[in-house]
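Novice: Handing you this structure, nothing more for now.
What follows is calculated from the coordinates using simple rules that are stated; it is not laboratory data. This structure is a prediction, so every number in the text was calculated from the model and none was measured. Counting neighbours? That spans all protein chains shown, and the Cβs are built from the backbone with ideal geometry, glycine included.
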Amino acid sequence: MLTISIGSGKIEVQNGAAIMSVVKTMKEDRAKAKELGISGDLDDAIAAEYNGVMRDLSASIEDDGNIRLLTPRTIEGLDILRHSASHIMAQAVIRLYPGTKLGIGPTIKDGFYYDMEIAGTLADEDLSRIEEEMQKIIDENLPVARSEISYDDAAKMFREMKQDYKRELIEDLKTEKITIYRQGEFADLCRGPHLPSTRHLKAFKLLSIAGAYWRGSEKNKMLTRIYGTAFADKKELKAHLDLIEELKKRDHRKLGKELKLFSLHEEAPGMPFWLARGVILKNILIEFEREKHRVRDYIEIQTPHVLKDMLWIQSGHMENYKENMFFTGTAEGEQMAVKPMNCPGGFLVYKEEKHSYRDLPLKVAEFGQVHRYERSGQLHGLIRVRGFVQDDAHIFMTPEMIEDQILGVVQLIDEIYSAFGFEYKLELSTRPENSIGTDEMWELATEALKRSLLRFGKEFKINEGDGAFYGPKIDFHLQDALGRTHQCGTIQLDMNMPERFDLSYTGADGQDHRVIMIHRAIYGSLERFIGILIEHYAGKFPVWLSPVQAAILTVSDKFIDYAKKALGEMRAAGVRAEADLSSEKLGYKIRQATHEKMPYMLIVGEKEAENNTVSIRHRDQGDLGTMSIGEFIKKILDENGKRL
């Protein structure tokens, strides 16, 4: 007999018994199960963690140890559920489209997908037909069975099935045993674990169809990718689908067009065209950060977009980042590269003159345009682009300054994020396996970062071994209005670049010392940050951020001159206003301004022109009465100052 810990107690089981038998025994003795604290998991168990390894319920118990039952409401169980859903979907597609060749079908955040070569083309309307076939497979309650076969047998099996992509994957494995999962007539190459049977999939939905190159290479065939999701029950699925609908409404690509902020064109993939209002928004963000810089003694520089490749060789980018860089060709026989990062240019500026310890810390900021090659399939509006502005800063300092300077940057990022209403979480990443620098330097740096965060007083998580190879880092994961997290702000201590570029300072002893440097970004990519902001606010920017704070709407053409007068006074006072002087009816103008999410609409007609006033309508609150032009200007400037 073997002794197994389960829940809060121990039980004895027969050597070789299946984990499923433990579940069955507990179901038959509910009192015992309750005593062990596992009664709530029995009916929903779909797999188990046995001595730290995820296993099917059919797996044998062959050693003393610990069993934790997994349900679709555990992180691991939900992942297993979704992986099984991808298999059921693939089986349904093969039934409906014989001859389909299977690629891979992994789980992803919030769901799963499967890449397949399908004869003909699929459209979104075909998804419901596949869902119906999936439900038939679920109703058939097909047992899901795991088996191990030899490499040769696996290769032969998938060759006979004419599953070329699976055969290619097997050839790459080069292991003696291959794991296969079967359900009915369907068989797939998979590590598992999986559901005990297909009936355990109770809530699923297919979401969309896309194209994907086999193994992510543009040299390979384009396959059909079907995305789906699955949850423990229909209530959770509905909540997720409702969230998806809300995300569609907030999609920054859709709203960006409606708000006239930016456009995307095939002539420059991944490089947004900023429209007039978008430029205003971008400049508001830059000037806001500049305000914070000025009171913290930052200086600002600008470095060229294109530099010789010898600089990128020196920085290490040519060796480690070349595939993500753009090159301009040669100039006078020398290779030139478009900068993917601002850092090397900043180092050249630092070396312009000799620095003393008295000059430090030296805080050098740059809102620099950078370009990085991203595969076309990975581009996504403003979130994933090829050209963007990065709000870099590099702080050069002595070792004794690390703690205070890190704390200062953390406080700065906190201040900026708070202005947008963002909550965030902090993560300290420590030395990775492959790193440079001495143990003493890493310990000094990591402890300084840790002490800075402790002084700041906000809880943080240690992410062991996930630092950059050149130093530990602090990442800020901000949370938007929908609860999604985005890694934007980062503080990275660098012990590599000062060495590569011979960056030094003269110490109090008159000798040269290697400078300590941190990289710092707050927005990260301004493009990505604006995409996040659009979705966070659902396009309804607070007044201080709105590219257009007020739209002046004329009742008729007779009041165009008064509207122009009001517009001039507002713009002269610093209010961002526009006037709709078209001959459209007032109702249309109000609807259009509301659609463009203008915070205020100022209606001007005969009464307003006579009294030098405007009738105010708020996008959410409706009519707010009348004010003089001066009173309204003061109201907007007050909101700007308070950043409401």
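Novice: Past 26 Å, Cα to Cα: identify those pairs from LYS24/LYS174; LYS292/LYS450; LYS248/LYS634; LYS248/LYS322; LYS109/LYS166; LYS308/LYS473, in the order given.
Specialist: LYS24/LYS174; LYS248/LYS634; LYS248/LYS322; LYS308/LYS473
Novice: Going by the alpha-carbon gyration tensor, a ≥ b ≥ c the square roots of its eigenvalues, is the range 272-325 rounded (a/c under 1.5) or, if a/c is not under 1.5, prolate (a/b greater than b/c) versus oblate?
Specialist: The shape class here is oblate.
Novice: Okay, next question. Starting from the 7 Å offset along Cα-to-Cβ, what nm value, one decimal, do you get for the label separation of ASP561 and GLU334?
Specialist: The answer from the label model is 6.3 nm.
Novice: Kirkwood Rh, Cα Rg: Rg to Rh for the range 550-642?
Specialist: 0.93
Novice: Report the FRET efficiency, 1/(1 + (r/R0)^6), for GLU606 and GLU374, where r is their Cβ-Cβ distance and R0 is 35 Å, rounded to 0.05.
Specialist: Approximately 0.05, to the nearest 0.05.
Novice: Give the value in nm², to one decimal: projected area of the alpha carbon convex hull of the chain, averaged over all directions.
Specialist: 38.6 nm²
Novice: As a test, work out the antiparallel percent of DSSP beta bridges whose residues both lie in the chain, rounded to the nearest 5.
Specialist: Counting only bridges with both partners in the chain, antiparallel ones make up about 85 percent.
Novice: Which three lengths, in whole Å and largest first, does the range 2-71 cover when its Cα atoms are put on their principal axes?
Specialist: On the principal axes, the range 2-71 reaches 26, 22, 18 Å in Cα extent.
Novice: If each residue of separation counts as 0.36 nm, what is the full-extension length gain between ASN15 and SER583 once their alpha-carbon separation is subtracted?
Specialist: Full extension from ASN15 to SER583 adds 195.8 nm.
Novice: Okay, next question. For GLN592 and ILE280, compute 0.36 nm times the residue count separating them, minus their Cα-Cα distance, and round to one decimal in nm.
Specialist: 110.3 nm
Novice: Please list the three semi-axes, largest first and in whole Å, of the ellipsoid equivalent to the range 401-490, using sqrt of 5 times the eigenvalues of its alpha carbon gyration tensor.
Specialist: Result for the range 401-490: semi-axes of 25, 15, 9 Å.
Novice: Let me see the P(r) profile for the range 73-187: every Cα-Cα distance counted, bins of 5 Å, each bin given as a percent of all pairs.
Specialist: 2, 11, 19, 23, 22, 15, 7, 2, 0
Novice: Let me ask you something else. Around ARG95, what is the net charge, scoring Lys/Arg as +1 and Asp/Glu as -1 over all other residues with Cβ under 13 Å from its Cβ?
Specialist: -3
Novice: Evaluate the Debye formula for the range 461-615 with equal point scatterers sitting on the alpha carbons, no solvent, and hand back log10 of I(q)/I(0) at q = 0.16, 0.19 Å⁻¹, in q order, two decimals.
Specialist: -0.93, -1.12
Novice: Where in the range 1-39 does the amide nitrogen come within less than 17 Å of the point 7 Å from the Cα of ASP233, taken along Cα to Cβ?
Specialist: Residues 39 fall inside that zone.
Novice: Given the Cα-Cα distance of LYS32 and LYS109 and 0.36 nm per residue of separation, how much length would full extension add, in nm?
Specialist: That pair, LYS32 and LYS109, stretches by 24.0 nm at full extension.
Novice: How far is it, in nm, from the label point at GLU569 to the one at THR438 when both lie 7 Å from their Cα along the line to the Cβ?
Specialist: Roughly 7.0 nm, to one decimal.
Novice: If you take every DSSP beta bridge whose two residues both sit in the range 294-383, what share of them, in percent to the nearest 5, is antiparallel?
Specialist: Looking only at bridges with both residues in the range 294-383, the antiparallel portion is about 75 percent.
Novice: With the contact rule set at Cα under 8 Å and sequence spacing of 6 or more, what percent relative contact order holds for the chain?
Specialist: Once normalised by length, the contact order is 8 percent.
Novice: Continuing with the same structure: Taking the simple approach of a point 7 Å from Cα along Cα-to-Cβ for both HIS265 and ARG215, what is their distance in nm?
Specialist: With each label point 7 Å from Cα toward Cβ, the separation is 3.8 nm.
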